[in-house]
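One structure is given here, and the rest of the page talks about it.
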Amino acid sequence: MKKASKRGKNRPASGIRAGLLAWYQEKRPIIRFVCLFGLFMGIFHALLLIPAVDRAMYDYLAANAWISHALLNLFGFGTVLNQTQISSGDFSIVVRRGCDAVEPAALFASAVLAFPAPWEKKALGIVAGSLVLLAVNILRIVSLFWVGIVARPLFAKAHLEIWPLLFILAAFALCAAWIRWVNGNAKWGM
């Protein structure tokens with residue numbers, strides 16, 4: 001009589017191995033999403049290291065400053081623009097890296113790209129969501145300038161705590177709205 005091989009192909013998986021495989025099969029869509037999200041965020045940060053992209057960021061910051069300056073003047077603040085510095089007789093701010101909504105837009109875009117959905121809907125979501133976040137950023141710059149004039153002691157808290165939190169929440173809310181739009185019930189299945 002032949003002995004059965006302990007490592008035969010038809011041998012059922014051990015309890016631990018079977019449990020891990022079952023867990024992985026259940027969590028696979030979430031694991032895939034997290035890995036792709038991390039990959040896309042890594043690509044985004046790598047792109048920022050390219051000198052041409054870095055230079056383009058400063059043109060983008062100048063555009064943010066110009067739009068904010070125009071809106072502030074529309075509301076009667078009488079600001080002056082010098083590259084990325086917005087000034088009035090009462091207050092002055094400089095639009096720098098981190099004041100640009102690029103990180104929340106990258107967070108949103110990475111989540112959209114990582115989510116299983118048709119590419120057309122991903123492209124539309126990334127464009128629409130990024131435009132919303134860019135508009136929110138202009139609102140942020142204008143509101144921070146206003147806070148600097150009317151409630152200067154609150155400026156640091158608004159700039160460093162409140163708006164960063166609002167931006168992250170906005171990115172997550174946009175992502176949730178996009179997922180709901182894509183399939184109506186936020187399924188994680190493939």
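Brief remarks on what is shown
- Close pairs (6 angstrom Cβ cut-off, 6 or more residues apart or separate chains): of a type in the set (Val, Ile, Thr) in region 125-138, in a helix (DSSP H, G or I) anywhere: ILE126/ALA109; ILE126/VAL112; VAL136/ALA170; ILE138/ILE67; ILE138/SER68
- Counted residues, region 113-143 - those being farther than 29 Å from ALA156 by Cβ and either in contact with a Leu (Cβ under 9 Å, 6 or more places away or on another chain) or not in a helix (DSSP H, G or I) (or both): 10
- Of the residues making up region 117-137, those that are hydrophobic (A, V, I, L, M, F, W, C) and crowded, with 17+ Cβ neighbours inside 10 Å are ILE126, VAL132, LEU133, LEU134, VAL136.
FYI, it's all coordinate maths here, none of it is from the lab. Bear in mind that the values here come from a model prediction, so they are computed numbers and not experimental data. A quick note on method: Cβ atoms are made from the backbone with ideal geometry, for glycine too, and the neighbour counts reach across all protein chains shown.
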